[in-house]
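Written below as C-alpha cells is the structure these notes are about.
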Amino acid sequence: MTKPLSVALFLTLVAALGFASTPPAGSSATPRPEIPAVTAQELDAALASGSWLIVEFGGEHCIPCKAMQPILQDLQTALGTRVKIHNFWIQKDPETARRFKIMVMPTQVVFNQKGEEVLRHQGIFPADEFHAALKQAGLL
C-alpha cells in the first residue's frame, strides 16, 4: 500500500517540477523544443558562430539540471533564432568544465556574439529572474 502512494507522490512531484518536456496526449499545447547536449568541439563552434549563446553546464542525471530544462526550453521558444541554447554534460568532459571554471551543477553561462561571457548563474535560475538578467545583459 505504501509503494503505490510513493509512486503517485513521485509522479506528482515530477509533473509539478516540470520535468516532462512534452504535453500530455490530447493536449493542444505546443511541445517544448529539446535543448541539445554538445561536445567540447561543438561548444567551441557555437562560441565562434557570432550568435548569443546560453550554456547550461550540468549533468544528465542531476535533478536541479533537469528542473532547468523547461525554463531553457521556454527561453528557446521565446527567443527563437536570436540565441542558441545548449546543455553541456560536465561528467562527459570534466576538462572542458574546468576550462570554463564550472564548480556547481547547474551553472548557466550566457555568451554574447563575440563569445564573451556576460552572465553566470549557479543553481536553479527561476524564469522571471533569468529573463530580467538576460535583459540587463542586453539579450532581450
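Just so it is clear, none of the values below were taken in a lab; they were calculated from the coordinates. Please read all numbers here as calculations on a predicted model, not as lab measurements. Here the Cβ positions follow ideal geometry from the backbone for every residue, glycine too, while neighbour counts run over all protein chains shown.
From the cross-link list 84/135; 101/135; 66/92, which pairs have alpha carbons spaced over 21 Å apart?
Too far apart for the 21 Å limit: 101/135.
Bin width 10 Å, alpha-carbon pairs only: give the P(r) of region 96-140 as whole percents, running from 0 to the bin holding the largest distance.
26, 53, 21
Just going by the charge dipole of region 34-137, with Lys and Arg at +1 and Asp and Glu at -1 on Cβ, which of 123, 65, 50 is farthest out on the positive end?
Looking along the dipole axis, the top candidate is 50.
Over region 34-137, what is the relative contact order in percent, taking alpha-carbon pairs closer than 8 angstrom and at least six residues apart?
Numbers: 163 pairs, mean separation 37.2, N = 104.
So the answer I get is 36 percent.
Using amide H atoms built 1.01 Å from N in the peptide plane, name the residues 5+ places from residue 140, or on other chains, whose amide H lies under 5 Å from its own.
135
How large is the charge dipole for region 34-137, taken about the Cα centre, if only the Cβ atoms of Lys, Arg (+1) and Asp, Glu (-1) carry charge, to the nearest 20 debye?
200
Starting from the Cα gyration tensor of region 34-137, multiply each eigenvalue by 5, take the square root, and state the resulting semi-axes largest first in whole Å.
Calculated on Cα positions only, the semi-axes equal 18, 17, 13 Å.
Using a Förster distance of 22 angstrom, determine the FRET efficiency expected from the C-beta separation of residue 113 and residue 41, and round it to 0.05.
Values: r = 20 Å, r/R0 = 0.90.
That pair, residue 113 with residue 41, gives E of 0.65.
Can you give the extra length, in nm with one decimal, that the chain gains between residue 121 and residue 92 once fully stretched, where that is 0.36 nm per residue apart less the Cα-Cα distance?
Using 0.36 nm per residue and subtracting the Cα-Cα distance, I get 8.3 nm.
About its Cα centre, what dipole magnitude does region 80-140 give when the only charges are +1 on Lys and Arg Cβ and -1 on Asp and Glu Cβ, stated in debye to the nearest 20?
The calculation lands at about 160 debye.
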